[in-house]
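Everything on this sheet refers to the single structure shown next.
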Amino acid sequence: MRILIINGPNLNLLGVRDKDKYGSMTLGEINQKIIEEYPDIQFEFYNSNLEGDIISKIQQAGELFNALIINPGGYAHTSVAIKDALEECKLIKIEVHLSNLVKRESYRQVMLTAGSCDGYISGFKGKGYLAAVYLISTMFRFNNQ
């Protein structure tokens, strides 16, 4: 199984940003933890602060991967274009947010992109990615029985 993990704007600053909201791990440390926890799964990790680059990566994903995990960062609340790209991507898709969005500002309560995914995980910091991989692997096992 191959899973693409896309991280959006400002996630390259993990480890420096508000650790109470986002945790103390860097993005590289989270990626390494995912690889260690799931050695039988192939991962590609992609990070961009640019909306168009994220859209292009989503559009290419269907041909190369079995599933997609995305943390669109602030674009989750603003990007109709990423939402549209996710809708066209026919893979299993899970959106992950490090912070607990329901405890955040009111403008973060609107989640445009999550509605184009199979589900979303919010509030578990870096562990949310591990949960997403677990859910995807479980979905594949159940779908192939």
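The values are calculated or read from the model by the stated rules, or taken from the named source; none is laboratory data. It should be emphasised that the depicted structure is a prediction, and the values quoted were computed from it without experimental measurement. Reconstructed Cβ throughout: ideal geometry from the backbone, glycine too, with neighbour counts over all protein chains shown.
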### Query
From the residues in region 48-73 that are charged (D, E, K, R) and at pLDDT 95 or above, which one is surrounded by the most Cβ atoms within 10 Å (Cβ to Cβ)?
57
### Flag if residue 19 is at pLDDT below 95, out of contact with any Ser or Thr (no Cβ under 8 Å at 6 or more places or on another chain) and surrounded by fewer than 18 Cβ atoms within 10 Å (Cβ to Cβ)
yes
### Task
Note down all Cβ pairs under 9 Å where the first residue falls in region 100-114 and is part of a loop (DSSP other than H, G, I, E, B), the second is aromatic (Phe, Trp, Tyr) and surrounded by 15 or more Cβ atoms within 10 Å (Cβ to Cβ), and they're at least six residues apart or on different chains.
100/124; 111/120; 112/75; 113/75; 113/120
### Task
Tell me which residues, restricted to region 87-131, are closer than 12 Å to residue 71 by Cα, touching a Lys or Arg at 6+ places or on another chain (Cβ under 7 Å) and of a type outside the set (Ser, Thr, Tyr).
98, 117, 126
### Message
Taking the criterion of being surrounded by fewer than 17 Cβ atoms within 10 Å (Cβ to Cβ) and in a helix (DSSP H, G or I), would at least one residue in region 37-47 satisfy it?
### Response
yes
